[in-house]
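Worksheet: one structure, shown below.
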Amino acid sequence: MSSLVLHIGDKELSSWSLRPWLVMKMAGIGFEERIVRLDRPETKAAIGAVSPSSKVPCLVDGDLVVWDSLAICEYLAEQSDEPLWPEERGARAVARAAAAEMHSGFQALRTKWPMQFSKESLRRSTEGVEGDIARIAEIWETCRRDFGDAGPFLFGRFSIADAMYAPVVSRFVTYGPVDLPPLAAKWRDHMRALPAMREWGDGARAELG
C-alpha cells in the first residue's frame, strides 16, 4: 500500500471512525491520521473537501478514495499481510454476517445511546434499546462460544468483526454497566483493555480538554 491517510471525526463522538482506525492499529498498518472536528461551522466544508459522501471516516490511498467504514475495512483486508477475516470459510461467513448486521442495524442503540467514549456510567434508561442489547449480547456470546477457541477475540484472532463492535463496548461502559453473559462480558473487558482502545480513549479525553 502507498501512504495511507485516514480522515476521522472526533474520537469522543465518531463511532464509525473508530472501526477502521482500530483495524489499522491492530494490523500494524501505517497511516496518517487527520481529525475533522464535528458539529462545528466548518465541519461540512472540511469533510466535503476529502470525502465524496461528505462523511467520515474516509481513507485516501494515493489517488484512490474509499469511504464508508466497512468498505475501508474490506479494502484493508485485501491489502494487509495480517488476516483480517477468519480463515475458515464458515467462521468467515458468520464474521461477515455479524459485521454487516452491526453496520446496518441497531438504530435504537445508536440513537438513544450515542457514543461518548470517555464517559462512564451515565445511567441512561434502557427503554427502547433492550432488544438491541439482547441481540448484541447473543452475537458476542455465540461467536465466542462457537469460534473463539484460538484466542480472546470473537473469532479467536482479531478480525474486522471485533472492530465493528468496538464502539458498542464503549456504549456499554458509558451507559452501563450492562449485564452480559460470561463469554460476552469477557470479550467486552478484553476489548476495553486493548492498548489501541486505550490510545483512542486518550485522544477522546484530550479533545475534551
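The values are calculated or read from the model by the stated rules, or taken from the named source; none is laboratory data. This structure is a prediction, so every number in the text was calculated from the model and none was measured. Neighbour counts are summed over all protein chains in view; Cβ atoms, including those assigned to glycine, are modelled from backbone coordinates with ideal geometry. Areas reflect the complete protein model, heavy atoms only, side chains present, ligands, DNA and RNA absent. Shrake-Rupley method; radii C 1.70, N 1.55, O 1.52, S 1.80 Å.
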Next on the checklist: Being part of a strand (DSSP E or B) and open to solvent by 40 Å² or more (accessible area, probe 1.4 Å) is true for just one of GLU74, GLU33, GLU82. Which residue is that?
Outcome noted: GLU33
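Among the residues of the stretch 187-194, is there at least one that is in contact (Cβ under 8 Å) with a residue 60 or more places away in the chain, more than 16 Å from PRO86 (Cα to Cα), part of a helix (DSSP H, G or I) and among the small types (Gly, Ala, Ser)? Spell out the reasoning first.
First, the residues of the stretch 187-194 that are in contact (Cβ under 8 Å) with a residue 60 or more places away in the chain: 194.
Narrowing the set further to residues that are more than 16 Å from PRO86 (Cα to Cα) leaves 194.
With the extra rule that they be part of a helix (DSSP H, G or I), the set shrinks to none.
No, the stretch 187-194 contains no residue that is in contact (Cβ under 8 Å) with a residue 60 or more places away in the chain, more than 16 Å from PRO86 (Cα to Cα), part of a helix (DSSP H, G or I) and among the small types (Gly, Ala, Ser).
Results for (1) in contact with a helix residue (DSSP H, G or I) (Cβ under 6 Å, 6 or more places away or on another chain); (2) small (Gly, Ala, Ser); (3) surrounded by fewer than 16 Cβ atoms within 10 Å (Cβ to Cβ); (4) not in a loop (DSSP other than H, G, I, E, B), shown as yes or no for each residue.
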residue	(1), (2), (3), (4)
ALA95	yes, yes, no, yes
ALA98	yes, yes, no, yes
MET102	yes, no, no, yes
ARG110	no, no, no, yes
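If you go through the stretch 148-163 one residue at a time, do you hit one that is open to solvent by 70 Å² or more (accessible area, probe 1.4 Å), within 26 Å of MET24 (Cβ to Cβ) and not hydroxyl-bearing (Ser, Thr, Tyr)?
Yes; the residues of the stretch 148-163 include at least one that is open to solvent by 70 Å² or more (accessible area, probe 1.4 Å), within 26 Å of MET24 (Cβ to Cβ) and not hydroxyl-bearing (Ser, Thr, Tyr).
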Item to check | Residue list for the stretch 17-51, restricted to those being out of contact with any Ser or Thr (no Cβ under 9 Å at 6 or more places or on another chain), acidic (Asp, Glu) and modelled with pLDDT of 95 or more | outcome: GLU33
Checklist outcome for this item: Here the residues within the stretch 36-71 that are assigned to a loop (DSSP other than H, G, I, E, B) and either touching an Asp or Glu at 6+ places or on another chain (Cβ under 6 Å) or basic (Lys, Arg) (or both) are ARG37, LEU38, ARG40, LYS55
Next on the checklist: Whether any residue in the stretch 46-60 is more than 15 Å from the chain's Cα centre (by Cα), under 14 Å from PRO20 (Cα atoms) and loosely packed, with under 15 Cβ neighbours inside 10 Å is what I want to check.
Outcome noted: no
Checklist entry - What's the number of the condition GLY48 fails, among (1) in contact (Cβ under 8 Å) with a residue 12 or more places away in the chain; (2) under 26 Å from GLU207 (Cα atoms); (3) not hydroxyl-bearing (Ser, Thr, Tyr)? => result (1)
Item to check | Tally, over the stretch 7-22, of residues that are touching a Cys at 6+ places or on another chain (Cβ under 8 Å) and buried (at least 24 other Cβ atoms within 10 Å of the Cβ) | outcome: 2
Checklist entry - Any residue at all in the stretch 53-74 that is hydroxyl-bearing (Ser, Thr, Tyr) and within 23 Å of GLU199 (Cβ to Cβ)? => result yes
Next on the checklist: If PHE172 meets every condition in (1) crowded, with 22+ Cβ neighbours inside 10 Å; (2) in contact (Cβ under 8 Å) with a residue 40 or more places away in the chain; (3) closer than 27 Å to THR111 by Cβ apart from one, which number is that one?
Outcome noted: (2)
